[in-house]
Amino acid sequence: MKNPFEKMPTVLTADELIDKAFRRAEKAASAFTPQGGKVAKARQREELRVRTVSNVVRDNLRKILDRTPGVSTLPKFYQELVDTLVDRDQFHRSLARVNWAIKTIRTLEQRYVEKIRYERDPIEIAKLRRQFYGRVADILKDIGDDLEYLNKARNVLKDLPVVDLELPTVVIAGHPNVGKSTLLRALTNAKPEVASYPFTTKGINVGQFEEHYLRYQVIDTPGLLDRPLSERNEVEKQAILALKHLGDVIVYIFDPSEYCGFPIEEQMHLFEEIYSEFGEFPFIVVLNKADIAEEEKMKTIEEFVKSKGLEPLRVSALTGEGLDELKRRVIELVRPKAEELARKIMEKELERFREGL
(Lines give C-alpha, C1' and ligand atoms only; values in the text may rest on other atoms or scores of the structure.)
Protein backbone atom coordinates (compact mmCIF):
# COMPACT_ATOMS: atom_id res chain seq x y z
CA MET A 1 0.00 0.00 0.00
CA LYS A 2 1.20 3.53 -0.77
CA ASN A 3 1.04 6.50 1.56
CA PRO A 4 -2.58 7.63 1.01
CA PHE A 5 -1.50 11.29 1.21
CA GLU A 6 1.52 11.10 -1.11
CA LYS A 7 -0.34 12.86 -3.94
CA MET A 8 -1.66 15.69 -1.78
CA PRO A 9 -0.26 18.84 -3.46
CA THR A 10 1.65 21.69 -1.89
CA VAL A 11 -0.97 24.21 -0.78
CA LEU A 12 -0.25 27.80 -1.80
CA THR A 13 -0.94 30.62 0.63
CA ALA A 14 -3.76 33.04 -0.16
CA ASP A 15 -1.29 35.71 -1.33
CA GLU A 16 0.62 33.24 -3.51
CA LEU A 17 -2.57 32.05 -5.15
CA ILE A 18 -3.85 35.60 -5.74
CA ASP A 19 -0.50 36.52 -7.27
CA LYS A 20 -0.46 33.46 -9.50
CA ALA A 21 -4.02 33.96 -10.75
CA PHE A 22 -3.63 37.67 -11.50
CA ARG A 23 -0.31 37.19 -13.30
CA ARG A 24 -1.80 34.37 -15.40
CA ALA A 25 -4.77 36.58 -16.28
CA GLU A 26 -2.54 39.44 -17.44
CA LYS A 27 -0.42 37.07 -19.49
CA ALA A 28 -3.54 35.62 -21.16
CA ALA A 29 -4.93 39.08 -21.89
CA SER A 30 -1.61 40.26 -23.38
CA ALA A 31 -1.50 37.29 -25.74
CA PHE A 32 -5.15 37.67 -26.77
CA THR A 33 -6.27 39.59 -29.88
CA PRO A 34 -9.93 40.65 -29.46
CA GLN A 35 -12.25 41.29 -32.40
CA GLY A 36 -14.78 44.06 -33.12
CA GLY A 37 -15.18 47.59 -31.90
CA LYS A 38 -13.88 49.32 -28.76
CA VAL A 39 -16.64 48.04 -26.46
CA ALA A 40 -16.53 44.49 -27.85
CA LYS A 41 -12.76 44.34 -27.42
CA ALA A 42 -13.01 45.60 -23.83
CA ARG A 43 -15.67 43.00 -23.03
CA GLN A 44 -13.65 40.13 -24.52
CA ARG A 45 -10.43 41.13 -22.78
CA GLU A 46 -11.98 41.65 -19.34
CA GLU A 47 -14.09 38.51 -19.61
CA LEU A 48 -10.91 36.57 -20.39
CA ARG A 49 -9.23 38.03 -17.30
CA VAL A 50 -12.21 37.13 -15.10
CA ARG A 51 -12.43 33.58 -16.43
CA THR A 52 -8.66 33.05 -16.19
CA VAL A 53 -8.51 34.19 -12.55
CA SER A 54 -11.49 31.99 -11.71
CA ASN A 55 -10.05 28.95 -13.48
CA VAL A 56 -6.57 29.27 -11.98
CA VAL A 57 -7.88 29.68 -8.43
CA ARG A 58 -10.50 26.96 -8.70
CA ASP A 59 -8.11 24.50 -10.38
CA ASN A 60 -5.54 24.96 -7.61
CA LEU A 61 -8.15 24.57 -4.89
CA ARG A 62 -9.78 21.62 -6.63
CA LYS A 63 -6.45 19.78 -6.70
CA ILE A 64 -6.34 19.95 -2.91
CA LEU A 65 -9.74 18.25 -2.65
CA ASP A 66 -9.19 15.73 -5.45
CA ARG A 67 -5.78 14.57 -4.19
CA THR A 68 -6.65 14.40 -0.51
CA PRO A 69 -8.26 11.08 0.48
CA GLY A 70 -11.27 10.99 2.75
CA VAL A 71 -9.96 10.07 6.19
CA SER A 72 -13.01 7.95 7.01
CA THR A 73 -12.33 5.79 3.92
CA LEU A 74 -8.81 4.87 5.07
CA PRO A 75 -7.87 1.69 6.96
CA LYS A 76 -8.18 2.07 10.73
CA PHE A 77 -4.41 2.32 11.18
CA TYR A 78 -4.19 5.38 8.94
CA GLN A 79 -7.34 6.94 10.42
CA GLU A 80 -5.89 6.88 13.92
CA LEU A 81 -2.48 7.98 12.69
CA VAL A 82 -4.10 11.04 11.09
CA ASP A 83 -5.92 11.73 14.37
CA THR A 84 -2.58 11.52 16.17
CA LEU A 85 -0.71 13.86 13.86
CA VAL A 86 -3.33 16.44 12.88
CA ASP A 87 -6.68 17.68 14.18
CA ARG A 88 -9.10 15.69 12.04
CA ASP A 89 -12.02 18.07 12.72
CA GLN A 90 -9.94 21.10 11.71
CA PHE A 91 -8.66 19.17 8.68
CA HIS A 92 -12.23 18.48 7.52
CA ARG A 93 -13.36 22.03 8.26
CA SER A 94 -10.52 23.47 6.21
CA LEU A 95 -11.32 21.18 3.28
CA ALA A 96 -14.98 22.22 3.51
CA ARG A 97 -13.94 25.88 3.43
CA VAL A 98 -11.88 25.25 0.31
CA ASN A 99 -14.92 23.64 -1.30
CA TRP A 100 -17.02 26.68 -0.33
CA ALA A 101 -14.45 29.00 -1.93
CA ILE A 102 -14.52 27.02 -5.19
CA LYS A 103 -18.30 27.23 -5.46
CA THR A 104 -18.45 30.89 -4.45
CA ILE A 105 -15.80 31.97 -6.97
CA ARG A 106 -17.56 30.03 -9.72
CA THR A 107 -20.83 31.81 -8.92
CA LEU A 108 -19.07 35.19 -8.91
CA GLU A 109 -17.43 34.42 -12.25
CA GLN A 110 -20.79 33.73 -13.88
CA ARG A 111 -22.34 36.83 -12.33
CA TYR A 112 -19.55 39.21 -13.37
CA VAL A 113 -19.22 37.76 -16.87
CA GLU A 114 -22.93 38.44 -17.34
CA LYS A 115 -22.55 42.02 -16.06
CA ILE A 116 -19.56 42.61 -18.36
CA ARG A 117 -21.48 41.37 -21.39
CA TYR A 118 -24.32 43.83 -20.76
CA GLU A 119 -22.13 46.84 -19.93
CA ARG A 120 -21.50 49.32 -22.79
CA ASP A 121 -18.89 51.59 -21.18
CA PRO A 122 -15.26 50.29 -21.39
CA ILE A 123 -14.40 52.14 -18.17
CA GLU A 124 -17.26 50.46 -16.30
CA ILE A 125 -16.29 47.11 -17.82
CA ALA A 126 -12.77 47.46 -16.38
CA LYS A 127 -14.29 48.51 -13.06
CA LEU A 128 -16.40 45.33 -12.96
CA ARG A 129 -13.32 43.21 -13.57
CA ARG A 130 -11.49 44.98 -10.72
CA GLN A 131 -14.49 44.37 -8.46
CA PHE A 132 -14.31 40.68 -9.32
CA TYR A 133 -10.58 40.64 -8.52
CA GLY A 134 -11.31 42.23 -5.16
CA ARG A 135 -14.06 39.73 -4.32
CA VAL A 136 -11.81 36.78 -5.22
CA ALA A 137 -8.94 38.20 -3.15
CA ASP A 138 -11.29 38.65 -0.17
CA ILE A 139 -12.50 35.04 -0.43
CA LEU A 140 -8.95 33.68 -0.57
CA LYS A 141 -7.87 35.79 2.39
CA ASP A 142 -10.96 34.58 4.22
CA ILE A 143 -9.73 30.98 3.86
CA GLY A 144 -6.06 31.94 4.28
CA ASP A 145 -5.74 30.25 7.69
CA ASP A 146 -7.34 27.10 6.27
CA LEU A 147 -4.87 26.99 3.39
CA GLU A 148 -1.93 27.40 5.77
CA TYR A 149 -3.30 24.68 8.04
CA LEU A 150 -3.79 22.28 5.14
CA ASN A 151 -0.24 22.84 3.94
CA LYS A 152 1.15 22.18 7.43
CA ALA A 153 -0.97 19.03 7.61
CA ARG A 154 0.21 17.98 4.16
CA ASN A 155 3.85 18.35 5.21
CA VAL A 156 3.19 15.96 8.10
CA LEU A 157 0.93 13.47 6.32
CA LYS A 158 3.16 13.05 3.25
CA ASP A 159 5.70 11.38 5.56
CA LEU A 160 3.29 8.77 6.93
CA PRO A 161 4.89 5.32 7.04
CA VAL A 162 4.13 3.07 4.09
CA VAL A 163 3.06 -0.33 5.36
CA ASP A 164 1.50 -3.39 3.77
CA LEU A 165 -1.66 -3.95 5.78
CA GLU A 166 -2.06 -7.51 4.47
CA LEU A 167 1.37 -8.94 5.23
CA PRO A 168 1.92 -10.81 8.52
CA THR A 169 3.60 -8.22 10.67
CA VAL A 170 6.09 -8.30 13.51
CA VAL A 171 6.20 -5.20 15.70
CA ILE A 172 9.40 -4.49 17.62
CA ALA A 173 8.84 -2.65 20.91
CA GLY A 174 10.81 -1.55 23.94
CA HIS A 175 12.60 1.42 25.49
CA PRO A 176 14.64 3.83 23.34
CA ASN A 177 18.12 2.70 22.36
CA VAL A 178 17.66 -0.96 23.30
CA GLY A 179 18.52 -2.00 19.73
CA LYS A 180 15.19 -1.97 17.87
CA SER A 181 16.54 -0.32 14.73
CA THR A 182 19.61 -2.55 14.74
CA LEU A 183 17.40 -5.63 15.00
CA LEU A 184 15.19 -4.43 12.16
CA ARG A 185 18.24 -3.93 9.96
CA ALA A 186 19.57 -7.38 10.90
CA LEU A 187 16.29 -9.15 10.10
CA THR A 188 15.20 -7.28 6.95
CA ASN A 189 16.20 -5.14 4.00
CA ALA A 190 15.49 -1.88 5.83
CA LYS A 191 18.23 0.64 6.55
CA PRO A 192 17.01 2.84 9.38
CA GLU A 193 19.22 5.41 11.06
CA VAL A 194 21.06 3.77 13.97
CA ALA A 195 22.96 5.82 16.54
CA SER A 196 24.06 5.43 20.16
CA TYR A 197 21.68 7.94 21.73
CA PRO A 198 17.99 7.82 22.71
CA PHE A 199 15.14 8.86 20.41
CA THR A 200 17.05 8.02 17.22
CA THR A 201 13.91 6.55 15.69
CA LYS A 202 11.69 9.48 14.70
CA GLY A 203 8.86 7.48 13.16
CA ILE A 204 7.82 3.99 12.21
CA ASN A 205 10.49 2.17 10.18
CA VAL A 206 9.39 -0.72 8.00
CA GLY A 207 11.32 -3.65 6.51
CA GLN A 208 10.49 -7.02 4.97
CA PHE A 209 12.11 -10.41 4.67
CA GLU A 210 11.30 -13.53 2.70
CA GLU A 211 11.48 -17.15 3.82
CA HIS A 212 10.56 -20.06 1.53
CA TYR A 213 8.83 -17.66 -0.90
CA LEU A 214 6.65 -16.19 1.87
CA ARG A 215 7.00 -12.52 2.81
CA TYR A 216 6.94 -11.03 6.28
CA GLN A 217 6.93 -7.44 7.50
CA VAL A 218 8.85 -6.09 10.47
CA ILE A 219 8.10 -2.70 12.00
CA ASP A 220 10.38 -0.82 14.36
CA THR A 221 8.33 1.43 16.64
CA PRO A 222 9.65 4.59 18.26
CA GLY A 223 10.81 4.22 21.86
CA LEU A 224 7.96 3.68 24.27
CA LEU A 225 8.63 5.66 27.40
CA ASP A 226 7.56 4.52 30.82
CA ARG A 227 4.60 6.83 31.34
CA PRO A 228 0.82 6.87 30.71
CA LEU A 229 -0.48 6.98 27.15
CA SER A 230 -1.99 10.44 27.76
CA GLU A 231 1.50 11.84 28.43
CA ARG A 232 3.18 10.33 25.39
CA ASN A 233 4.23 12.51 22.50
CA GLU A 234 3.17 12.08 18.87
CA VAL A 235 6.07 9.79 17.96
CA GLU A 236 5.30 7.50 20.88
CA LYS A 237 1.62 7.41 19.94
CA GLN A 238 2.65 6.14 16.51
CA ALA A 239 4.24 3.19 18.28
CA ILE A 240 1.01 2.45 20.13
CA LEU A 241 -0.90 2.56 16.84
CA ALA A 242 1.54 0.10 15.33
CA LEU A 243 1.04 -2.26 18.24
CA LYS A 244 -2.76 -1.96 18.07
CA HIS A 245 -3.42 -2.18 14.35
CA LEU A 246 -0.44 -3.75 12.65
CA GLY A 247 0.99 -6.40 14.91
CA ASP A 248 0.47 -10.13 14.55
CA VAL A 249 3.27 -10.74 17.00
CA ILE A 250 5.22 -8.40 19.29
CA VAL A 251 8.97 -8.78 19.71
CA TYR A 252 9.74 -7.02 22.97
CA ILE A 253 13.37 -6.07 23.54
CA PHE A 254 15.17 -5.73 26.85
CA ASP A 255 18.68 -4.33 27.19
CA PRO A 256 20.22 -6.12 30.19
CA SER A 257 23.48 -4.21 29.63
CA GLU A 258 21.59 -1.00 30.55
CA TYR A 259 23.65 0.90 27.97
CA CYS A 260 20.33 2.21 26.67
CA GLY A 261 20.21 4.49 29.70
CA PHE A 262 17.31 2.74 31.43
CA PRO A 263 17.88 0.42 34.43
CA ILE A 264 16.37 -3.03 34.14
CA GLU A 265 13.78 -2.16 36.81
CA GLU A 266 12.37 0.56 34.54
CA GLN A 267 12.48 -1.78 31.56
CA MET A 268 10.53 -4.43 33.45
CA HIS A 269 7.98 -1.83 34.57
CA LEU A 270 7.39 -0.73 30.96
CA PHE A 271 7.05 -4.35 29.86
CA GLU A 272 4.35 -4.83 32.52
CA GLU A 273 2.43 -1.87 31.08
CA ILE A 274 2.68 -3.03 27.48
CA TYR A 275 2.02 -6.69 28.27
CA SER A 276 -1.09 -5.88 30.31
CA GLU A 277 -2.42 -3.63 27.55
CA PHE A 278 -1.60 -5.94 24.64
CA GLY A 279 -1.56 -9.34 26.30
CA GLU A 280 -3.88 -10.78 23.62
CA PHE A 281 -0.98 -10.59 21.14
CA PRO A 282 1.68 -13.31 20.95
CA PHE A 283 4.88 -12.00 22.59
CA ILE A 284 8.47 -12.97 21.90
CA VAL A 285 10.78 -11.51 24.52
CA VAL A 286 14.35 -10.79 23.49
CA LEU A 287 17.34 -9.98 25.69
CA ASN A 288 19.49 -7.97 23.32
CA LYS A 289 23.20 -7.11 23.71
CA ALA A 290 23.77 -10.52 25.26
CA ASP A 291 27.40 -10.31 24.13
CA ILE A 292 28.14 -7.45 26.57
CA ALA A 293 25.50 -7.77 29.33
CA GLU A 294 26.27 -9.08 32.82
CA GLU A 295 25.02 -12.60 33.46
CA GLU A 296 23.34 -11.63 36.73
CA LYS A 297 21.23 -8.93 35.09
CA MET A 298 20.23 -11.26 32.25
CA LYS A 299 19.09 -13.88 34.75
CA THR A 300 17.05 -11.29 36.66
CA ILE A 301 15.16 -10.37 33.49
CA GLU A 302 14.80 -14.02 32.44
CA GLU A 303 13.23 -14.96 35.75
CA PHE A 304 10.85 -12.00 35.48
CA VAL A 305 9.82 -12.95 31.92
CA LYS A 306 9.38 -16.63 32.77
CA SER A 307 7.04 -15.62 35.61
CA LYS A 308 4.74 -14.33 32.86
CA GLY A 309 4.71 -17.72 31.15
CA LEU A 310 7.09 -16.62 28.38
CA GLU A 311 10.43 -18.08 27.29
CA PRO A 312 13.00 -15.28 26.76
CA LEU A 313 15.64 -15.47 24.06
CA ARG A 314 19.18 -14.12 24.29
CA VAL A 315 20.38 -12.35 21.15
CA SER A 316 22.87 -9.84 19.88
CA ALA A 317 21.47 -7.86 16.96
CA LEU A 318 24.97 -6.50 16.40
CA THR A 319 26.83 -9.83 16.16
CA GLY A 320 23.93 -11.97 14.90
CA GLU A 321 23.84 -14.26 17.94
CA GLY A 322 20.39 -15.84 18.38
CA LEU A 323 18.85 -14.21 15.30
CA ASP A 324 18.20 -17.50 13.49
CA GLU A 325 16.25 -18.78 16.48
CA LEU A 326 14.36 -15.48 16.74
CA LYS A 327 13.37 -15.65 13.08
CA ARG A 328 12.29 -19.29 13.52
CA ARG A 329 10.02 -18.35 16.43
CA VAL A 330 8.54 -15.42 14.51
CA ILE A 331 7.81 -17.52 11.43
CA GLU A 332 6.27 -20.28 13.55
CA LEU A 333 3.71 -17.76 14.88
CA VAL A 334 2.82 -15.92 11.68
CA ARG A 335 3.42 -18.49 8.93
CA PRO A 336 -0.29 -19.51 8.76
CA LYS A 337 -1.25 -15.93 7.88
CA ALA A 338 1.54 -15.74 5.28
CA GLU A 339 0.39 -18.99 3.69
CA GLU A 340 -3.23 -17.79 3.60
CA LEU A 341 -2.16 -14.54 1.92
CA ALA A 342 -0.07 -16.47 -0.61
CA ARG A 343 -3.11 -18.65 -1.42
CA LYS A 344 -5.28 -15.59 -2.00
CA ILE A 345 -2.69 -14.02 -4.28
CA MET A 346 -2.35 -17.26 -6.24
CA GLU A 347 -6.12 -17.57 -6.61
CA LYS A 348 -6.34 -14.01 -7.96
CA GLU A 349 -3.59 -14.69 -10.47
CA LEU A 350 -5.27 -17.91 -11.61
CA GLU A 351 -8.57 -16.07 -11.99
CA ARG A 352 -6.89 -13.42 -14.18
CA PHE A 353 -5.24 -16.14 -16.23
CA ARG A 354 -8.57 -17.91 -16.80
CA GLU A 355 -10.24 -14.62 -17.79
CA GLY A 356 -7.49 -14.03 -20.33
CA LEU A 357 -8.03 -17.40 -22.07
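The values are calculated or read from the model by the stated rules, or taken from the named source; none is laboratory data. Predicted, not measured: the structure shown is a model, and the values here were computed from it. Backbone-built Cβ (ideal geometry, glycine too); neighbour counts: all protein chains shown. The protein model used for the area step is the full one, side chains on, heavy atoms only, and it has no ligands, DNA or RNA in it. Shrake-Rupley method; radii C 1.70, N 1.55, O 1.52, S 1.80 Å.
Name every residue in the stretch 151-168 that is buried (at least 23 other Cβ atoms within 10 Å of the Cβ) and in contact with a strand residue (DSSP E or B) (Cβ under 7 Å, 6 or more places away or on another chain), in order of residue number.
Within the stretch 151-168, just P168 meets the criteria.
Scan the stretch 1-43 for residues that are touching a residue at least 40 places away in the same chain (Cβ under 8 Å) and small (G, A, S) and jot them down.
The answer is A14, A21, A42.
Give me the residue from the stretch 194-213 that is open to solvent by 60 Å² or more (accessible area, probe 1.4 Å) and within 21 Å of the chain's Cα centre (by Cα) and, out of that set, modelled with the lowest pLDDT.
It comes out as F199.
Yes or no: the stretch 333-345 includes at least one residue that is within 16 Å of V251 (Cα to Cα), modelled with pLDDT under 90, open to solvent by 40 Å² or more (accessible area, probe 1.4 Å) and not acidic (D, E). Give the steps one after another, and end with the answer.
Pass one, the stretch 333-345, residues within 16 Å of V251 (Cα to Cα): 333-335.
Okay, now just the ones that are also modelled with pLDDT under 90, so 333-335.
Now narrow it down to the ones that are open to solvent by 40 Å² or more (accessible area, probe 1.4 Å): 333, 335.
Narrowing further to those that are not acidic (D, E): 333, 335.
The answer is yes; a qualifying residue exists.
Inside the stretch 214-245, can you point out the residues that are open to solvent by 10 Å² or more (accessible area, probe 1.4 Å), aliphatic (A, V, I, L, M) and at pLDDT 80 or above?
Selection gives L214 alone.
Hey, can you tell me all the residues within the stretch 261-290 that are among the charged types (D, E, K, R), part of a helix (DSSP H, G or I) and either open to solvent by 60 Å² or more (accessible area, probe 1.4 Å) or touching a residue at least 60 places away in the same chain (Cβ under 8 Å) (or both)? Don't jump to the end; show me each part of the working.
Keep residues of the stretch 261-290 that are among the charged types (D, E, K, R), which gives 265-266, 272-273, 277, 280, 289.
Okay, now just the ones that are also part of a helix (DSSP H, G or I), so 265-266, 272-273, 277.
E265, E266, E272, E277, listed by residue number.
What are the pairs with Cβ atoms under 8 angstrom where one residue, in the stretch 155-183, is without any contact (Cβ under 8 Å) to a residue 12 or more places away in the chain and part of a loop (DSSP other than H, G, I, E, B) and the other, located anywhere, is of a type in the set (S, T, N, Q) and surrounded by fewer than 24 Cβ atoms within 10 Å (Cβ to Cβ)? Sequence gap at least six, or different chains.
none
In the stretch 123-154, what residues are closer than 29 Å to T84 by Cβ and either of a type in the set (D, E) or in a helix (DSSP H, G or I) (or both)? Steps first, please.
The first filter runs over the stretch 123-154 and keeps only residues closer than 29 Å to T84 by Cβ, leaving 143-154.
Across the stretch 123-154, the qualifying residues are G144, D145, D146, L147, E148, Y149, L150, N151, K152, A153, R154.
Within the stretch 75-118, count every residue that is more than 21 Å from the chain's Cα centre (by Cα) and touching a residue at least 60 places away in the same chain (Cβ under 8 Å).
Of the residues in that region, 4 qualify.
Could you check the stretch 298-310 and list, in sequence order, the residues that are open to solvent by 50 Å² or more (accessible area, probe 1.4 Å) and either farther than 21 Å from V171 by Cα or at pLDDT 95 or above (or both)?
Filtering the stretch 298-310 down to residues open to solvent by 50 Å² or more (accessible area, probe 1.4 Å) leaves 299-300, 303, 306-309.
Passing the criteria: K299, T300, E303, K306, S307.
Where the second residue is basic (K, R) and surrounded by 20 or more Cβ atoms within 10 Å (Cβ to Cβ) and the first is over 22 Å from E16 (Cβ atoms) and lies in the stretch 44-56, which pairs have Cβ atoms under 9 Å and are six or more apart or on separate chains?
So the pair list comes out as R45/R129; E46/R129; E47/R129.
Looking at E294 and the list (1) in contact with a strand residue (DSSP E or B) (Cβ under 6 Å, 6 or more places away or on another chain); (2) open to solvent by 30 Å² or more (accessible area, probe 1.4 Å), which single condition is not satisfied?
(1)
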